[in-house]
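The values are calculated or read from the model by the stated rules, or taken from the named source; none is laboratory data. Computed from a prediction, not measured in an experiment: that's the story for all the values here. Here Cβ is always computed from backbone atoms with ideal geometry, including for glycine, and neighbour counts include all displayed protein chains. For accessibility, only protein heavy atoms count, side chains too; no ligands or nucleic acids. Shrake-Rupley method; radii C 1.70, N 1.55, O 1.52, S 1.80 Å.
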Amino acid sequence: MSALDLVGAVAGSVLSGDGNSVPIRPTRALTLLVGDQPFDEWSQVEVVRDLDDIAGSFRLALRDAERSRRTWIAASAPILRAAMKAGQPVAILINGRLVLRGYLDEVGSDISDSEIALEASGRDRTGDLVDCAATVDGPAELRGVTLKQAIERVVKPFGLQVRDDVGLTTTRDRSIDVGETAMSAIEKWARQEGALITSDGVGSVLITRTGATRVSDPLMLPGTVAGQSWRVSLRERYSHYIVKGQASRAGGARGSAPGLDGTAEPLPTDPSAIIAAQTGRERLGTAIRGDAVDEEVGRYRPIVMMARTEATATGATTQAQWAMRVARARSESLEHTVSGWTMRDGQPWRLNVLAGVVDSYAGIAADRLIAGVRYSYGDGQAEQTTLRLVSPDAYDLEPVADRRTNRKARAVALDGTAERLTT
């Protein structure tokens, strides 16, 4: 097989003697499209999407030591590398379904006397938001805009879209610091609203809720789950979450200044008395504090955080509650590994959906949110999907306490025979 034949084989076809393309059956369900050229015979695959990392990532490797010894020539690696250049736009499909659209960040090859290896890695299109500046014109302030409008201003130069599945209508002044990355600015605005920001993997930034839909495939151990990893830690969990910030205005909390009339008295001449009279009133306009308590932490473990934006009392409380729920969710690390990359309906496992979980070892019989999905293959393992599972309220805009509890028997529906409870 010539080097040109090899490129065609990796792309999913070989050239016959008359020059016509003859398709071959792909050996993997995952295809990397570079331009219009498919590559699907990967020996190692890892594609990751996670609610904690806006940009999905991938790492693919092509290694075939036996065929390298028999047929590959040294010239084949440069030909393959020429077909994949760092910076090229790519798409990843699983069973023909698009799961990620992005760019190649790194491409490399390793050649020895026994093997030729090609590796390619990259992220989805929102990866540029993590790396690049939100604005090149210095510090900026967007006045009186909604969260969606602010994010649209930042991501438009990157060719990205914004979709608001929540419908937030609050308008605020939103700042961008010198040298701040686009994702840093977006995250601080989202925390001010208690919103969840993620990527759809194919070119849009989502302002969304958690667990709006669910999958029908149950996750059961023992049963459908092939592997499990479970950890519980209180090291980054606290009893009290306090968010402090400053506001330039009191938002009406100071009250109206008293008007001068015949009963007005001169101000005190003692400097300490003047300061004491002013401090309480001015503090209402500058000092903002929000609190949240995690009742499940059994001892005194407080943490104080600074609001990254101009705060309100309501906003600081929202941030404190959000920080508490995220820390609570991260304290329990539960991963389930299932065979294959797709569910029973042929759809790839997806992010930000609810799944029914029955894990006898971890003592869980409740809904869990799929907060991370990793498709993998290689290192002696067949195709498998690892699902990171968290409490359904981990990223909720508002606290919903009963989403954390294990399943209970459903209440009997009321009908015409229902009677009043006895007192």
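A few comments on the model shown:
- Which numbered condition residue 299 misses (of (1) open to solvent by less than 20 Å² (accessible area, probe 1.4 Å); (2) modelled with pLDDT of 85 or more): (1)
- Residue ID - farthest from residue 56 (Cα to Cα), chosen from residues in the stretch 93-134 that are at pLDDT 90 or above and polar (S, T, N, Q): 121
- Cβ separations smaller than 9 Å between residues 6+ apart or across chains give the following pairs from the stretch 41-60 residues that are farther than 14 Å from residue 31 by Cβ and acidic (Asp, Glu) to residues that are at pLDDT 90 or above and not in a strand (DSSP E or B): 50/351; 53/130.
- When residues in the stretch 190-231 are screened for being assigned to a strand (DSSP E or B), of a type in the set (D, E, K, R) and open to solvent by less than 50 Å² (accessible area, probe 1.4 Å), 0 of them pass.
- Within the stretch 386-406, restricting attention to residues that are closer than 24 Å to residue 227 by Cβ and either open to solvent by 20 Å² or more (accessible area, probe 1.4 Å) or touching a Pro at 6+ places or on another chain (Cβ under 8 Å) (or both), the residue that is modelled with the highest pLDDT is 388.
- Verdict on residue 250 being at pLDDT below 90 and either open to solvent by 40 Å² or more (accessible area, probe 1.4 Å) or in a strand (DSSP E or B) (or both): no
- Matching residues in the stretch 340-356 - criterion: being within 20 Å of the chain's Cα centre (by Cα) and assigned to a loop (DSSP other than H, G, I, E, B): 341, 349, 350, 351, 352, 353
- When residue 15 is tested against the conditions (1) at pLDDT 80 or above; (2) hydrophobic (A, V, I, L, M, F, W, C); (3) open to solvent by 30 Å² or more (accessible area, probe 1.4 Å), the lone failure is (1).
- Contact map, the stretch 220-235: residues that are more than 16 Å from residue 363 (Cβ to Cβ) paired with residues that are at pLDDT below 90 and open to solvent by less than 60 Å² (accessible area, probe 1.4 Å), Cβ distance under 9 Å, separation 6+ or inter-chain. Pairs shown: 233/331; 233/332; 233/333; 234/331; 235/331.
- Condition check for residue 337: at pLDDT 85 or above, part of a helix (DSSP H, G or I) and more than 19 Å from the chain's Cα centre (by Cα): no
- Positions within the stretch 161-189 being of a type in the set (A, V, I, L, M) and surrounded by fewer than 20 Cβ atoms within 10 Å (Cβ to Cβ), in sequence order: 166, 168, 178
- Take the conditions (1) open to solvent by less than 30 Å² (accessible area, probe 1.4 Å); (2) aliphatic (A, V, I, L, M); (3) under 25 Å from residue 246 (Cβ atoms); residue 334 misses just one of them, which is (3).
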